[in-house]
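Notes for the one structure printed next.
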Amino acid sequence: MYMPPRKYSGPLLPGQRSTRKTETRKQRATRLKKTTVNQKSFNKAMTAYNSKNVEKKIILYRNYTVGPDSTFEGHLPAVGLSNAGQNTNDVTAVVTQTGYYLTTDNTSLNTDTGTDLVTAVGGYDIQQGAGNNELVGKFGKITSSFQNFWIQMNPQTINSATTPSRLEATMPHRFRVIQVKQKGNNAIPNTVGPDSNALSPKLSNNLFLSLAGEEVGLTNDFSALELFDSIINKSKWTVLKDTQFTLCANTVFGAAAAYPTSVKQHPSMKHFRCYYPKPKGKTRWSFQTGTSVSFPQPVEYDYVVHTIILCRVMGGLTGYESNNWSVQTNGHTVLIDE
C-alpha cells in the first residue's frame, strides 16, 4: 500500500504526538532565546579567561633592597634638608620617582640641594621584541602596578656618654609619607623638560601651601615642625597618600649599664604596599630607532608618581639629628600585549 510522505519531516514537538507544525515568529524567537548564550555573560567570561591565560609581561621596579648580589642595589639613605629646621639633619627625607629617568624638575632639585634627594625607581621601561617580558608591538595594556616600601630604623651604637648621642638614638622619630601625582590638566610630557613656567607642578616650589596661601616646595625654608603640618597644593597635585606614624630604634648598645638598651613603645619598621593608578585603555611605548634612549618609557600617559618620606626627631627641640633610618623598596608592573 502506498504511503505518502509526511508533509513536515522534522521531529515531533515536545508533549505532542502530531508532526511538527509551522512556528510563528514569536514562538521561534522564544525558543531561540532559551538556547542562545547570553552575549554579555559570554563576553565577560571570555575577558576573564583571557586575562588569566594571556602571556603577561612583568616590568620590575629597581630593587633597592639588601641582598647577596648586584641585583640588590641596597637601601636608600636619609638625606638632610638644609632649609628645614636649624641644622641640616633636623629634618631628613627620601624621595622616589617612578620611571627610569628623572624628570628635568627632579634633576634640578638634586642639583639645587647638592644631594641625591630624588631617586628614579623605574617600573615602566620595557624592550621591544618577541622574548620573555618583551613587548611584541608598540602597545600594551597595564593591568597593575605596585611598589613595596620598608622604612627601617638603623640600630645605633653609642660609644660616648654624651647626652645628644643617646637622645638621637632613643627618641621617637616622626614620619610623614606623601604620594602625589600631577593633576591631568597640569601634567607635563615626561620626555620634555618643563620651562620656567611657575604654573607647572614642581616638588621644589609648589608642593605645599603656606599659612599665607602661597605656593612653597621642598627648597623653601621651613621649621622642623612646619613640614609635617603643611597642606598639600591640591590645585596642582593629586594626593594618593598622606599619612604619619612614629618609629623608634629597638636596640641601642651602650658602653655602660645605665644606657637604655630597648625602646618598646614604638615599632622599628613600617611596611606598606602602594598600588598606582593605571590607564583605562592601551598605552604606547616609545621605540624610536636611532635614539639614545636605552629604556623606553610610555608616551601619552603620565606615569610619574612621587613618594616623599619626611622624618624628624620628636624631641621638641632642634639640634638632634634624624638621619639614622633608611628605605628599601621594590615592586613590579604587569601588562599584556595589545
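Inside region 136-167, can you point out the residues that are touching a strand residue (DSSP E or B) at 6+ places or on another chain (Cβ under 7 Å) and at pLDDT below 70? Before the answer, list the steps.
Looking only at region 136-167, we keep the residues that are touching a strand residue (DSSP E or B) at 6+ places or on another chain (Cβ under 7 Å), and these are 136-158.
Result: GLN156, THR157, ILE158.
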* Asked: Which members of region 66-79 meet the condition of being closer than 17 Å to ASN330 by Cβ and in a loop (DSSP other than H, G, I, E, B)?
  -> VAL66, GLY67, PRO68, ASP69, SER70, THR71, PHE72, GLU73, GLY74, HIS75
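Among the listed residues SER18, SER9, SER41, which satisfies the condition of being of a type in the set (Ser, Thr, Tyr) and modelled with pLDDT of 60 or more?
Working: SER18 fails: modelled with pLDDT of 60 or more; SER9 fails: modelled with pLDDT of 60 or more.
Answer to the selection: SER41.
Take the conditions modelled with pLDDT of 90 or more and either over 16 Å from ARG176 (Cα atoms) or surrounded by 21 or more Cβ atoms within 10 Å (Cβ to Cβ) (or both) and apply them to GLN86. Does it pass? Can you show your working first?
Working: modelled with pLDDT of 90 or more: no; either over 16 Å from ARG176 (Cα atoms) or surrounded by 21 or more Cβ atoms within 10 Å (Cβ to Cβ) (or both): yes.
So GLN86 fails the test.
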* Structure fact -> Note on region 80-99: residues within 23 Å of SER322 (Cβ to Cβ) and assigned to a strand (DSSP E or B) are GLY80, ALA84, VAL91, THR92, ALA93, VAL94, VAL95, THR96, GLN97
* Structure fact -> For region 122-150, pairs from a residue that is in contact (Cβ under 8 Å) with a residue 24 or more places away in the chain and over 30 Å from ARG176 (Cα atoms) to a residue that is assigned to a loop (DSSP other than H, G, I, E, B) and small (Gly, Ala, Ser), with Cβ under 8 Å and 6 or more apart or across chains, are GLN128/GLY137; LEU135/GLY129; VAL136/GLY129; VAL136/ALA130; LYS141/GLY281
* **Matching residues in region 256-280 - criterion: being in a loop (DSSP other than H, G, I, E, B), surrounded by 11 or more Cβ atoms within 10 Å (Cβ to Cβ), of a type outside the set (Ser, Thr, Tyr) and modelled with pLDDT of 55 or more** => VAL263, HIS266, PRO267, PRO277, LYS278, PRO279
* Considering only region 100-152, state which residues are in a strand (DSSP E or B), within 15 Å of the chain's Cα centre (by Cα) and not aliphatic (A, V, I, L, M). => THR119, GLY122, THR143, SER144, SER145, PHE146, GLN147, ASN148, PHE149, TRP150
* Matching entry among VAL239, VAL192 (being of a type in the set (Val, Ile, Thr), within 26 Å of PHE146 (Cα to Cα), surrounded by fewer than 16 Cβ atoms within 10 Å (Cβ to Cβ) and modelled with pLDDT under 80) -> VAL192
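The values are calculated or read from the model by the stated rules, or taken from the named source; none is laboratory data. Bear in mind the structure is a predicted one, so any value in this text is a computation, not a measurement. All Cβ positions, even for glycine, are placed from backbone atoms using ideal geometry, and neighbour counts span all protein chains on display.
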